[in-house]
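The values are calculated or read from the model by the stated rules, or taken from the named source; none is laboratory data. Small disclaimer: the values here were computed from a predicted structure and weren't measured. A quick note on method: Cβ atoms are made from the backbone with ideal geometry, for glycine too, and the neighbour counts reach across all protein chains shown. Each accessible area value is taken on the protein alone, full model and side chains, heavy atoms only, with ligands, DNA and RNA left out. Shrake-Rupley method; radii C 1.70, N 1.55, O 1.52, S 1.80 Å.
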Amino acid sequence: MTDTLVTFASGATEGHGTVVASWRHESFGPLVVTDQTPFHPVDHTWPDQPGDVGRCGDSPVIDTVMAARGPEGELAVGSAIPVKRGEDGWTWWVAHRLAGGSDLPEVGATMSLQVNTSRRLRLSAAHTSCHLAALAMNRAATRLWRKEVRVDSLGSPDLDQLAMASSAMDEEGSTDVYRFGKSLRKRGFDSIRFSEELPAIVDEVQAQLLAWLASAAPVLVVDDGDTRITALRRWTCALPDGVADMPCGGTHVASLASLSRVEVDYQMAQDGAGLTVRTTPRVAA
Ligand SMILES: [Zn+2]
């Protein structure tokens, strides 16, 4: 048994796969695992980007999830997987969740696999915009740090990673929730000034995003040739001021030329201890 090989990192949305497992799950319904797939699954531990939908043979795929086969042959799906992705002794699968009444294909059958491309494009645009907005926020907030902390790939204090509570993409954009708590203040972050200077920070972020989009920089998901679903992949974007780079399991547009605009909306929590960033891209015609 081997981990599923995935092609979504290169932007693929169609392909073929040989069925290696298919079963009817009591809550997920019919699930099909193929040896390789262009479908992006929602991660079971950090569910930021939703699973792809599309078609597997003649059947609609209504979601794509992670499945794992344990050392004793036990099968677990989605959040019921008891270990972290990549844990030794487990086989890691991408499972296509078919519409309720679908027939289960037999093991060994070859299936055509077609991702819904317009939805994938919108999710990819949301994911790329989310990373750009995070880097722009890190840069705009640089002056609010009184101590040295870890920096992002462009050299700014990594507020995004240090304060991130959750991140979720949808077809319209992304919603990122940050916590500005006691531990962040101890690290030297002035969240009170962040709140006071919010309008100026948002303006700086917006201007930075415009400048980056104008560069039409290429975006790549780098997997160093390892196409297993468990491989560590990195999002990279060759911006004019350096190569942005961060770990990422999602899908992305091929170039910033695919985005005509990215807008951010910042909402501080009532008590000032948190921030919600809504990022919305516009896909270029
Ligand atoms: Zn990502």
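Details
- The H on the amide N of R233, modeled in the peptide plane, is under 5 Å from the matching H of C248, each at least 5 residues off or on a different chain.
- Of all DSSP beta bridges in the stretch 5-115, antiparallel share, percent nearest 5: 90 percent
- Karplus-derived 3J(HN,Hα), 6.51/-1.76/1.60, for each residue of the stretch 161-168, Hz, glycine and proline x: 6, 6, 10, 4, 9, 7, 9, 9
- Residues of the chain were split at every exposed loop site, defined as trypsin sites (Lys or Arg not before Pro) in a DSSP loop with at most 13 other C-beta atoms within 10 angstrom, and the longest piece left, sites excluded, is 151-285.
- Crossing angle, helix 117-140 versus the chain [Cα axis fit, 0-90 degrees, rounded to tens]: 30 degrees
- Among the GluC sites (Glu not before Pro) found in the stretch 115-196, those both in a DSSP coil and sparsely packed, with 16 or fewer other Cβ atoms within 10 Å of their Cβ, are E148, E171, E172.
- Between the Cα long axis of helix 198-214 and the first principal axis of the chain there is an angle of about 60°, rounded to the nearest 10.
- Residue among C130, C248, F189 farthest towards the positive dipole end of the stretch 119-283, charges placed on Cβ: F189
- Counting only heavy atoms of the protein chains and using a 1.4 Å probe, H25 has close to 50 Å² of accessible surface.
- Surface share of carbon and sulfur [accessible, 1.4 angstrom probe, percent] for the stretch 139-245: 52 percent
- Total charge dipole magnitude, the stretch 31-90, about the Cα centre, Cβ charges on Lys, Arg, Asp, Glu only, Debye to nearest 20: 60 debye
- Charge dipole of the chain (Cα centre as origin; +1 on each Lys and Arg Cβ, -1 on each Asp and Glu Cβ, all else neutral): 680 debye, rounded to the nearest 20.
- Couplings 3J(HN,Hα) for the stretch 275-285, derived from phi with the Karplus relation 6.51 cos²θ - 1.76 cosθ + 1.60 (θ = phi - 60°), are 9, 10, 10, 9, 10, 10, x, 10, 7, 4, 5 Hz, where x marks Gly and Pro.
- Of all aspartates and glutamates in the structure, the ones whose alpha carbon falls short of 18 Å from that of K84, not counting any fewer than 8 places away in one chain, are D3, D43, D48, E72, E74.
- Only lysines eight or more places from K147 in sequence, or on another chain, were considered; those with a Cα closer than 25 Å are K182, K186.
- In the stretch 36-115, GluC sites (Glu not before Pro) in a DSSP loop with at most 12 other beta-carbon atoms within 10 Å: E72, E74, E106
- Take the Cβ atoms of A109 and S10, set R0 to 25 Å, and the FRET efficiency comes out at 0.50.
- Calculated from backbone phi, Karplus (6.51, -1.76, 1.60) coupling profile of the stretch 14-29 in Hz, x at Gly/Pro: 9, x, 10, x, 9, 5, 10, 7, 8, 7, 9, 8, 4, 10, 8, x
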